[in-house]
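Here the structure is laid out as structure tokens; the discussion comes afterwards.
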């Protein structure tokens with residue numbers, strides 16, 4: 001069984017702990033079927049659905065996106081508060097090709113964010129967690145949405161549960177004309193002593209603040225989830 005864990009970094013400088021929630025939902029690895037990557041949408045009452053995109057503003061204009069609600073005033077029990085990345089687990093951090101999401105304001109207290117639970121080389125959970133907060137990684141698009149690209153963006157910062165931060169590094173050329181290639185925040189994190197050799201154990205979009213936000217265009221390696 002995999003555990004969906006709502007964790008927050010305890011350092012104020014990280015700005016992820018404006019009343020963040022704890023708690024856990026048990027998640028089972030799909031058995032016997034396709035191993036294709038998919039999304040599962042978690043409701044406030046603990047139930048799940050495979051359908052979460054609804055009409056309204058989206059990163060592509062007025063099409064569909066997902067409303068995530070962490071318990072805003074009057075929110076329904078079946079409101080979606082988290083999105084899990086099914087079958088996206090097991091690969092090494094260096095094997096991750098792309099990890100993006102588009103978000104629309106409001107964003108608050110590090111929410112919504114992507115939380116990535118990490119594992120050791122055998123694939124077992126090792127207790128480490130990465131926090132990917134769109135406030136620390138975004139570029140605005142033509143529709144007023146913001147795209148976060150942690151695997152490719154150099155102007156991004158990733159945090160972990162110990163309060164360590166990993167920021168992308170732009171390319172540079174020294175006095176001898178030797179150019180050092182740019183490294184994304186993900187590259188810096190994956191090569192760090194804290195996380196070298198780790199794997200993805202689980203990953204989720206988490207909304208644990210009492211607000212509603214819209215998210216869209218979740219990109220997991222070669223797959224883009226949008227409507």
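The values are calculated or read from the model by the stated rules, or taken from the named source; none is laboratory data. Just so we're clear, the structure is a prediction, and the values are computed from it rather than from any experiment. No Cβ is skipped: glycine too gets one built from the backbone with ideal geometry, and neighbour counts run over all protein chains shown.
Observations, loosely collected:
- Looking across segment 127-158, the residues that are surrounded by fewer than 16 Cβ atoms within 10 Å (Cβ to Cβ) and part of a strand (DSSP E or B) come down to 127, 139, 140.
- Residues in segment 185-227 that are part of a loop (DSSP other than H, G, I, E, B), modelled with pLDDT under 95 and buried (at least 21 other Cβ atoms within 10 Å of the Cβ): 207, 208, 209.
- Cβ-Cβ under 6 Å pairs, at least 6 apart or on other chains, segment 176-198 side touching a residue at least 60 places away in the same chain (Cβ under 8 Å), far side in a helix (DSSP H, G or I) and loosely packed, with under 15 Cβ neighbours inside 10 Å: 190/94
- Within segment 162-175, the set of residues being surrounded by fewer than 19 Cβ atoms within 10 Å (Cβ to Cβ) and either free of Cβ contacts under 8 Å to residues at least 40 places away in the same chain or in contact with a strand residue (DSSP E or B) (Cβ under 9 Å, 6 or more places away or on another chain) (or both) comprises 162, 164, 165, 167, 169, 170, 171, 172, 173, 174, 175.
- Among residues of segment 76-93 that are over 16 Å from residue 220 (Cα atoms), those with a Cβ under 6 angstrom from a residue that is assigned to a loop (DSSP other than H, G, I, E, B), sequence gap 6+ or separate chain, pair up as 77/44; 77/45; 79/44; 80/52; 81/44; 81/70; 81/207.
- Among the criteria (1) crowded, with 17+ Cβ neighbours inside 10 Å; (2) closer than 26 Å to residue 48 by Cα; (3) in contact with a strand residue (DSSP E or B) (Cβ under 6 Å, 6 or more places away or on another chain), the one residue 108 does not fulfil is (3).
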